[in-house]
Amino acid sequence: MGLSSAAEIDGAQLCIFDLRRGQQEGQELDKILFFHPADCPILLQLSVIGLCEGIITFTRIFSPEDDCEVIESDKHCHVFYQAEPDIWMVLVVQKIKDNESTLRFGALQGILKESHSLFAMFHGPIRTLLDRQPSAEFARGHLHTFITDYLSDFSVGKKLQLPTYRDSLTERGTVQMLTVSREVALEVQSLTTVLGSCLRNVICQSVVLFEDLLVSTTLPMDDTLNLYTYAILRLTPSALSSNGNSWSYLRKGGYVNADTTLSSANGAASAERYNSRSRDTSPGGQNQMHHNFRPLQREKLSKGKDGFVAADFVTTEIRGAVPLNPILWFHQAEERMYLCVYQHKNLTILLVIPASSLINGEEGIAHVKRHLLENASQNIVTVEQKLSRGWGGENAYHVGGYRYILSDPNRKVSRASPPGKVITLSKDSLLALNRLRGEIDLEKSRAKRSDPTHDKDYEVCIRAKNNAWIIAKISRGKELYMAIEKGGETLLYASTAVEKFSNRYCEGAFSTD
């Protein structure tokens with residue numbers, strides 16, 4: 001989900017605070033859970049959070065049931081997100097001449113939502129960590145390392161590069177699917193069946209990606225989205241290549257580490273460690289696996305010669321560097337899962353195993369890896385070959401004459417023009433599209449507050465510079481944004497272009513009939 005482009009934003013601050021804490025005079029610092037930049041003076045941190053708390057309290061007077069989402073002043077834009085009850089994330093962006101008309105609050109709020117969802121997947125809800133240790137040092141420590149690693153994707157020096165008008169045809173918080181033929185779909189189904197049986201009588205869940213696109217999933221959509229997001233950020237072949245880490249944890253000529261026998265002493269210690277992880281069913285307990293586990297730290301991610309991708313390692317005298325398999329908390333499935341990642345060429349398999357099903361974690365994971373290599377290898381090779389043969393490359397979803405993004409927020413899926421085609425649009429067209437999307441974001445927010453049970457339909461066509469049409473259409477919950485340059489002068493031309501696109505690529509979802 002990386003950024004295709006960005007502009008430097010001066011004075012950007014991101015804070016996380018708990019309204020239930022620090023209510024007594026002299027204890028205000030206690031409510032601060034995270035603040036970026038970390039070297040910001042304490043008095044300024046208190047000032048920023050105090051202002052945010054005041055805005056939240058004030059807006060609740062007029063709208064007690066709805067969260068404040070964005071407040072704009074002459075100099076700053078405050079983007080709010082209540083991640084959990086009374087736990088708020090706020091992104092404060094200083095307005096400057098170059099970015100005042102290019103920032104879109106929906107895109108900025110997407111950063112807050114994504115970072116919290118990923119944090120909760122690895123560490124559990126923030127509130128659970130606070131209840132577990134009321135001093136909040138545990139929660140602050142994990143928030144600091146995790147959010148800092150997440151923001152490293154946006155950092156240039158001490159400045160953040162946030163989404164701008166050039167990212168107006170991207171949508172954070174959605175999955176991009178790969179369309180496959182019936183023949184390939186049957187092969188994928190066969191692979192999914194084999195993956196599900198990697199642990200005898202316990203069904204394992206799986207997510208399969210080709211390149212950066214989702215091929216199949218057996219998880220609920222919310223959990224699929226979080227895992228897909230993590231994979232795009234750090235685990236796919238393109239993400240691993242950008243990590244710049246080619247070190248392998250397997251010795252040259254060695255076989256799969258799943259078959260290596262543990263020493264009795266080392267095995268007992270490892271079993272006890274993993275045993276405690278498997279039996280701890282609280283979300284926050286998952287992080288006991290490794291006190292310094294940082295899943296977003298690029299330099300710790302690597303692919304071994306056996307094809308398995310490791311997010312971290314421990315060092316032992318007998319086996320050297322041993323990969324650790326993280327435990328995730330899946331909110332929608334309400335279960336803790338081990339994550340095992342296998343990669344063959346452009347195919348990435350995310351296998352998740354119920355933590356409660358493994359009495360001895362490491363030996364159980366070793367069995368799963370061995371089973372995958374022995375029973376699923378041929379299926380994996382077949383699926384990868386067939387997907388590669390049918391793959392149209394990075395421009396597979398390009399539609400001539402259109403620059404577009406199609407999304408279904410309810411299903412959390414999207415499809416868009418490839419970045420290489422989007423950059424051919426003029427700056428004026430991108431700015432107009434970004435402004436239109438920003439206005440639609442606000443309209444959707446207002447409509448949701450007035451009637452949350454019904455989606456409101458919109459249709460807007462704007463004539464822009466360079467003979468361009470900027471179009472937004474929302475119908476029955478699905479959204480389509482597009483730019484058409486060098487088009488005809490009449491509104492009929494724009495309407496006909498949308499109709500043709502809808503009938504051919506959207507099964508008529510945006511047609512007027």
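Things to note:
- So ASP153, is it assigned by TED's automatic domain parsing to the domain that holds GLN94 and within 30 Å of GLN27 (Cβ to Cβ): no
- Restricting SER511, SER445, SER429 to residues that are touching a residue at least 40 places away in the same chain (Cβ under 8 Å), more than 26 Å from the chain's Cα centre (by Cα) and outside the structural domain of THR179 (by TED's automatic domain parsing) narrows the list to SER429.
- Scanning the range 333-348 for residues that are in contact with a strand residue (DSSP E or B) (Cβ under 9 Å, 6 or more places away or on another chain) and either open to solvent by less than 40 Å² (accessible area, probe 1.4 Å) or not in a loop (DSSP other than H, G, I, E, B) (or both) returns ALA333, GLU335, ARG336, MET337, TYR338, LEU339, CYS340, VAL341, TYR342, GLN343, LEU347, THR348.
- Enumerated strands (runs of 3 or more DSSP E) restricted to the range 1-108, each holding at least 2 residues that are in the same structural domain as SER414 (by TED's automatic domain parsing), in contact with a helix residue (DSSP H, G or I) (Cβ under 9 Å, 6 or more places away or on another chain) and modelled with pLDDT under 95: none
- Annotation: ASP222 fulfils all but one of (1) farther than 15 Å from THR382 by Cβ; (2) surrounded by fewer than 19 Cβ atoms within 10 Å (Cβ to Cβ); (3) over 25 Å from the mean Cα position of the chain (by Cα); the unmet one is (3).
- Candidates ASP67, ASP86: the one that is open to solvent by less than 50 Å² (accessible area, probe 1.4 Å), within 26 Å of the chain's Cα centre (by Cα), under 21 Å from ILE126 (Cβ atoms) and not aliphatic (A, V, I, L, M) is ASP86.
The values are calculated or read from the model by the stated rules, or taken from the named source; none is laboratory data. In this text, all values refer to a predicted model and were calculated from it rather than measured experimentally. Cβ atoms come from the backbone with ideal geometry, glycine included; neighbour counts cover every protein chain shown. Note: areas computed on protein heavy atoms with side chains; ligands, DNA, RNA excluded. Shrake-Rupley method; radii C 1.70, N 1.55, O 1.52, S 1.80 Å.
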